[in-house]
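The values are calculated or read from the model by the stated rules, or taken from the named source; none is laboratory data. Please read these numbers as outputs of a predicted model, since none were measured by experiment. Cβ placement follows ideal geometry from the backbone for every residue including glycine, while neighbour counts extend to all protein chains displayed.
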Amino acid sequence: MANIRIPKGWEIPENQVTPESAYINRRKFIRDLGIVGAGTLSLFGTPACAQNRGVAKQLEEYKKHTLDAENNEKYTVTRPQTDEITAATYNNYYEFTSSKTTVWKRVEGFETRPWEIEISGMVENPMKLDVDELIKQMPLEERIYRFRCVETWAMVVPWVGFPMKALIDKVQPKSSAKYVEMLTFFDPDIAPQQRDARMPWPYLEGLTIEEAMNELTLLVVGVYGHILPPQHGAPVRLIVPWKYGFKSIKSIVSIKFTDKKPRNFWNRLLPREYSFEANVNPNVPHPRWSQAMEWMIGSRDRYPTKIYNGYGDSVAHLY
Ligand SMILES: Nc1nc2c(c(=O)[nH]1)N[C@H]1C(S)=C(S)[C@@H](COP(=O)(O)O)O[C@H]1N2
Ligand SMILES: [Mo]
């Protein structure tokens, strides 16, 4: 029998590892938001095994919708892959809650199909189409990437998606376009923390055109061989594995080509702590903690952080 690992991610006290929500705690956001506090209480202390059973049951529905995508062997890692349930139980999705281990529960009423995406701005061929229409037109593949949150947790996940470059080739940016700006949906009836006007909703992220065209930049529509469950940012999200996780925006509704540098969500909220570039770098500490080490969710494994999260061969020339 294989080694059975007991996921340990959620056993680490949040105040040791959660920069983004540490800020929110400090400002008493959580206490102010009755909803979040109650949610945290009701699931706090739920044994990990019961939680795992809940997530496993939730994932059954998504596993029915497999994606036909071959693994691209060019993108492999030497670390063990993160267990699927662990990855689906420890999430950041601030629209729903600041409490990572309850995101999966909070997103249960979030319908992610049908889903329209608009591609606009400085392009020759703007378009507005359904996500499944887009998926049909794009070359899907599976890639196993390392993923590193700015809060020092990390994972290894098999994403299914297509290079953003394939979409860019289709819409043909004008030469005046310098940046790509992406937006998450806005619907406070579904995502309660969007009622908190102190946060600059909707969630926004951006890349330079060169970053967006890089071979590593993926628009992701699946994980572990099937469509994304909502906690991972269904139905389509960005993955830029050499940058801190907050760059990898979830549940995208708009992709706009522009000549203005976008002000991303976390940079607007805390400009001294979160930059636009946000490349993984062990030598640049966060103002409130070191970035020298990272820990793999669902395990006790710790590793030294790699510059560009280990993807320097593909991206170092950009900087
Ligand atoms: N719209 C949106 N996208 C988001 C976030 C978020 O709160 N809202 N959190 C970011 C952060 S901080 C991380 S670490 C990753 C987490 O992705 P995962 O939950 O699939 O592991 O999503 C990123 N994308
Ligand atoms: Mo993150």
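In table form, for the structure just shown:
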{"read-out": "Filtered residue count, the stretch 128-138, keeping only those that are basic (Lys, Arg) and part of a helix (DSSP H, G or I)", "value": "1"}
{"read-out": "Pairs, first surrounded by 15 or more Cβ atoms within 10 Å (Cβ to Cβ) in the stretch 108-120, second part of a loop (DSSP other than H, G, I, E, B) and among the hydroxyl-bearing types (Ser, Thr, Tyr), C-beta under 7 Å, six or more apart", "value": "THR112/SER251"}
{"read-out": "Residue list for the stretch 239-260, restricted to those being closer than 11 Å to GLU205 by Cα, within 13 Å of ligand 2 (Cβ to nearest atom) and in contact with a Leu (Cβ under 9 Å, 6 or more places away or on another chain)", "value": "LYS247, SER248, ILE249, LYS250"}
{"read-out": "GLY233 being surrounded by fewer than 24 Cβ atoms within 10 Å (Cβ to Cβ), modelled with pLDDT of 95 or more and near ligand 1 (Cβ under 10 Å from one of its atoms)", "value": "no"}
{"read-out": "Exclusive hit being within 16 Å of ligand 2 (Cβ to nearest atom) and over 13 Å from the mean Cα position of the chain (by Cα), set MET199, MET155, MET164", "value": "MET199"}
{"read-out": "Residue under evaluation ARG53, criteria (1) more than 30 Å from THR208 (Cα to Cα); (2) without any contact (Cβ under 8 Å) to a residue 40 or more places away in the chain; (3) in a loop (DSSP other than H, G, I, E, B), criterion not met", "value": "(3)"}
{"read-out": "Answer from ARG263, ARG302 - the residue that is basic (Lys, Arg), modelled with pLDDT of 95 or more and farther than 26 Å from PRO202 by Cβ", "value": "ARG302"}
{"read-out": "Subset of the stretch 139-155 that is outside any strand (DSSP E or B) and of a type outside the set (A, V, I, L, M) - its residue that is nearest to ligand 1 (Cβ to nearest atom)", "value": "CYS149"}
{"read-out": "Failed criterion for LEU207 (all others in (1) within 19 Å of the chain's Cα centre (by Cα); (2) touching a residue at least 60 places away in the same chain (Cβ under 8 Å) hold)", "value": "(2)"}
{"read-out": "Qualifying residue in the stretch 7-19 (condition: of a type outside the set (Lys, Arg), farther than 18 Å from TYR224 by Cβ, assigned to a loop (DSSP other than H, G, I, E, B) and modelled with pLDDT of 50 or more)", "value": "yes"}
{"read-out": "Filter result for GLY225 (within 23 Å of ALA88 (Cβ to Cβ), in contact with a Leu (Cβ under 9 Å, 6 or more places away or on another chain) and small (Gly, Ala, Ser))", "value": "yes"}
{"read-out": "Residue satisfying condition, being away from ligand 1 (no atom under 13 Å from the Cβ), farther than 18 Å from ILE117 by Cα and not hydroxyl-bearing (Ser, Thr, Tyr), within set LYS174, LYS136, LYS165, LYS170", "value": "LYS174"}
{"read-out": "Filter result for VAL223 (under 27 Å from ILE190 (Cβ atoms), surrounded by 18 or more Cβ atoms within 10 Å (Cβ to Cβ) and in contact with a helix residue (DSSP H, G or I) (Cβ under 8 Å, 6 or more places away or on another chain))", "value": "yes"}
{"read-out": "Near pairs, Cβ below 9 angstrom, 6+ apart or cross-chain, from the stretch 267-292 (more than 15 Å from TYR203 (Cα to Cα)) to any residue that is of a type in the set (Asp, Glu) and part of a loop (DSSP other than H, G, I, E, B)", "value": "HIS286/GLU151; HIS286/GLU273; PRO287/GLU273; ARG288/GLU273; TRP289/GLU151"}
{"read-out": "Single condition TYR90 does not satisfy, out of (1) away from ligand 1 (no atom under 11 Å from the Cβ); (2) touching a residue at least 24 places away in the same chain (Cβ under 8 Å); (3) under 27 Å from THR66 (Cβ atoms); (4) in a loop (DSSP other than H, G, I, E, B)", "value": "(1)"}
{"read-out": "Residue within the stretch 156-172 that is surrounded by 20 or more Cβ atoms within 10 Å (Cβ to Cβ) and in a loop (DSSP other than H, G, I, E, B) present", "value": "no"}
